[in-house]
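Have a look at the structure below before the remarks.
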Ligand code: SF4
């Protein structure tokens, strides 16, 4: 039984050959981590720190937050982390992270929105008649429960480029997580999907109807069926080849 994830599905959609390298052949990646991925992780760790403390009733202050970020960056940064854009260096990304955190802090202090979980694991079994066949796992960056409205909010932090509202209204990842939250909290009045685009310090949101969620379930089941019936994993070269950790194994990569 395979436990799917949004990233596993996206990898197949982006490039079936990369999917094969990563999940079937389980090749050792040449690029352990890109600097963009590392920055994203360290900023996520720092925001998680804020809300873990908030859940305990303590408010993190700005100097403490930045100190935390500096510590986790320095502790985990290695020379194996690859800076792909030649005109930039690790220092540039480190400073970007500081800016993201200062902006987020300023906008959201003192973090009293009733966060009830951080890095919350979600397991979704899409087809109850075939238990385990279409099973997915995900981790919600932060889950908020508004006690006044009984609305749950799924928060996600993005350190990459901002998306359009149209993209968010079709986004699969948070919609998928909302299926899990609906199962865990069937009495919820509604579920809101919220993205924090840290580069522009912009918060955007979306919602899904039950009909849209049922349609999403079917689309994912179809995609999993397609993945499992594929034997010829074709390359799909494009811009993202530069960030592909398997490019050295691949004759089709776009330069
Ligand atoms: S280098 Fe490009 S084409 Fe090759 S596996 Fe990676 S993403 Fe696919």
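Just so it is clear, none of the values below were taken in a lab; they were calculated from the coordinates. All values derive from a computational prediction rather than experimental measurement. Counting neighbours? That spans all protein chains shown, and the Cβs are built from the backbone with ideal geometry, glycine included.
At-a-glance table
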quantity	calculated
Cβ-derived FRET efficiency at R0 35 Å, residue 95 paired with residue 27, nearest 0.05	0.55
Difference of contour (0.36 nm per residue) and Cα-Cα distance, residue 109 to residue 7	33.6 nm
For the range 84-113 and the range 17-37, distance of Cα centres in Å	26
Highest-first arrangement of 14-27, 212-225, where packing means the average Cβ count within 10 Å	14-27, 212-225
Estimated distance in nm for a label pair at residue 102 and residue 55, the labels positioned 7 Å out from Cα along Cα-to-Cβ	3.0
Theoretical gain in end-to-end length, residue 139 to residue 79 [0.36 nm per residue, Cα-Cα removed]	18.8 nm
The chain: C-alpha gyration tensor shape, a/c 1.5 cut-off, then a/b vs b/c	oblate
Over the chain: helical MRE at 222 nm, DSSP H runs n ≥ 4 each giving -39500 (n - 2.57), nearest 500	-13000 deg cm²/dmol
Burial order of peptide ranges 119-127, 92-100, 46-54 (average beta-carbon count within 10 Å, highest first)	46-54, 92-100, 119-127
Listed peptides 153-159, 28-34, 189-195, 205-211 by packing density, highest first (mean Cβ within 10 Å)	153-159, 189-195, 28-34, 205-211
Mean separation of Cα contacts under 8 Å (6+ apart) over length of the range 185-255, as relative contact order %	17
Fewest-first sequence of 244, 250 by Cβ atoms within 10 Å of each Cβ	250, 244
Where only alpha carbons of the range 177-239 are counted, the Rg and the Dmax (Å)	16.8, 45
Share, in percent, of DSSP beta bridges within the range 115-229 that are antiparallel, nearest 5	70
Whole-angstrom gap from the range 139-162 to the range 214-248, using each part's C-alpha centre	27
Residue 205 paired with residue 45, simple spin-label distance in nm, labels 7 Å along Cα-to-beta-carbon	3.1
